[in-house]
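Bear in mind these aren't lab numbers, they're just calculated from the coordinates by the rules spelled out. Predicted model only: the values in this text are computed from it and were never measured. Methodologically, a virtual Cβ is constructed for each residue, glycine included, from the backbone with ideal geometry; neighbour enumeration extends over all protein chains shown.
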Amino acid sequence: MRHLMLLLVCSFATSVASANDPVPAPSAAAHGASAASAASAANVASAPSIKPSLPSIKPAVVPGATPASRAASAAAAAREAQAEAEAEAELSAKIAARLAAMRANQQARAAAAAKARKVAEARKKEAVVVNEAPVIKPYPGEHWSYEGETGPANWGRKPEWAACGTGNRQSPIDLRDGMKVDLEQIVFDYKPSAFTVVDNGHTVQVTVGPGNYISLQNRTFELQQFHFHRPSEERINGKGFEMVVHLVHKDADGKLAVVAVLLERGKAQSMIQTVWNNLPLEKNEVVTPSVVLDVNELLPARRDYFTYMGSLTTPPCSEGVLWMVMKQPVEASPAQMAIFSRLYPLNARPIQANSGRVVKESF
Ligand SMILES: [Zn+2]
């Protein structure tokens, strides 16, 4: 009788527990990462309850039963217990499968949320970068100089002078590792000429009368003007010089060829003295001396040179300029250099990138 009571209690308990168990819907595992937890909950709620298919319980033992019938009853009870255990095992497996599906869902949702967070953070960062981007101010005015807002670093901001900032054939450069070749001699055909001197606000510029030429590569260039920079704009193997004179020539097609003569401290230079003697008292005032000027006096004894393709070293920094830098510097006296430095202590554009250009030099 005790056995009967125990069986009845057990069966009832199992039956109630089974009816209350949330049993997974088989489709739950197929839900993608987008399934909301609410949907999962709904699935669970609507899932059909699975009740263990337990056989209906009948009294296993009847009063007054024979020993044979008692044995039969015990065997029946054992079968029932086994069926019960199987049903429980089946239920456990289903619960485990449901749990695994829920965990998979949960992980997928967490991954999606992490991804969304990452995207949002990246957008936020991007917005910060945009906000922090420097505002490019327009170039201030029409004038240029060698320092500050209107200095060389900013020349390229003016649209008309864009080459100063973005050009890759700019001058000056540091002349080094030149290809040592038998460079054609420059034929100088200068003669004593009338000239004018002007302080144009950037340098002292001398314009000579017509009839002064250089020839090379079957082309003839006529001397237009020459002017001074302090210190020298160009360097040779990293070495700068006190000053440089740029002799600017133009051919019939308008192509420019500039000969650079480096100046170092030494004895007085006669042609430079003639120019200094005629310096204007005011900027932009043109002085027309009554004497003549022989530019041959400025040239070094040796005519070896470096050559490369570059640009004007002042705005608009136009490229396509053939440069010839004389290797041998010419002397000028400290007093002569001091006179120029009182007007222009610094009027040299910084060294520009070589950008893989070919530099040739006489050997
Ligand atoms: Zn120059």
Open item on the list: Need one word for region 105-243: rounded, prolate or oblate. Basis is the Cα gyration tensor (sqrt eigenvalues a ≥ b ≥ c); a/c below 1.5 gives rounded, then a/b vs b/c decides.
Closed with: prolate
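Grab the beta carbon distance between Leu279 and Glu149, set R0 = 22 Å, and tell me the FRET efficiency rounded to 0.05. Walk me through the intermediate numbers first.
Values: r = 29 Å, r/R0 = 1.30.
Calculated value: 0.15.
Nearest 20 debye, what's the magnitude of the dipole of region 169-362 about its Cα centre given +1 on Lys and Arg Cβ and -1 on Asp and Glu Cβ?
Numbers: 20 positive and 21 negative charges, 78 e Å.
Result for region 169-362 is approximately 380 debye, rounded to the nearest 20.
Are there trypsin sites (Lys or Arg not before Pro) in region 198-285 that DSSP puts in a loop and that have at most 14 other Cβ atoms within 10 Å, and which ones?
Answer by residue number: Lys255, Lys267, Lys283.
Mind putting a number on the dipole of region 287-342 about its Cα centre? Charges go on the C-beta only, +1 for Lys and Arg and -1 for Asp and Glu, and I need it in Debye to the nearest 20. Could the numbers behind the result be given before it?
Details: 4 positive and 5 negative charges, 21 e Å.
With only Lys, Arg, Asp and Glu charged at Cβ, the dipole is about 100 debye.
Does region 142-219 classify as rounded, prolate or oblate by the C-alpha gyration tensor (a ≥ b ≥ c root eigenvalues; a/c under 1.5 gives rounded; else a/b over b/c gives prolate, otherwise oblate)? Walk me through the numbers on the way to the answer.
Details: a/c = 2.68, a/b = 1.29, b/c = 2.08.
Oblate.
Among Leu99, Leu262, which comes first, then next, by fewest other beta-carbon atoms within 10 Å? Before the final figure, lay out the partial values.
Values: Leu99 11, Leu262 24.
Final ranking by Cβ density, sparse to dense: Leu99, Leu262.
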Open item on the list: Quick check: from the Cα gyration tensor, does region 311-363 come out rounded (a/c under 1.5), prolate or oblate?
Closed with: oblate
Task: ³J(HN,Hα), Karplus 6.51/-1.76/1.60, whole Hz, each residue of region 335-342, x for Gly, Pro - done: 5, 5, 5, 5, 4, 5, 5, 5
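Exposure proxy check: Ile351, Ile272 ranked by fewest other beta carbons within 10 Å? Please report the intermediate quantities before stating the final value.
On the way: Ile351 16, Ile272 25.
Fewest to most other Cβ atoms nearby, the residues stand as Ile351, Ile272.
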- [ ] Extending each Cα 7 Å along its Cβ direction at Asp177 and Lys239, get the distance between those two points in nm, one decimal.
- [x] 2.0
Open item on the list: How are the alpha carbon pair distances in region 169-362 distributed across 5 Å bins from zero to the largest one, expressed in percent?
Closed with: 1, 8, 17, 21, 22, 18, 9, 3, 1, 0
Task: At most 15 other Cβ within 10 Å, DSSP loop - GluC sites (Glu not before Pro), region 166-248 - done: Glu184
Task: Distant-in-sequence amide H partners of Ile236 (H built 1.01 Å from N, under 5 Å) - done: Leu175
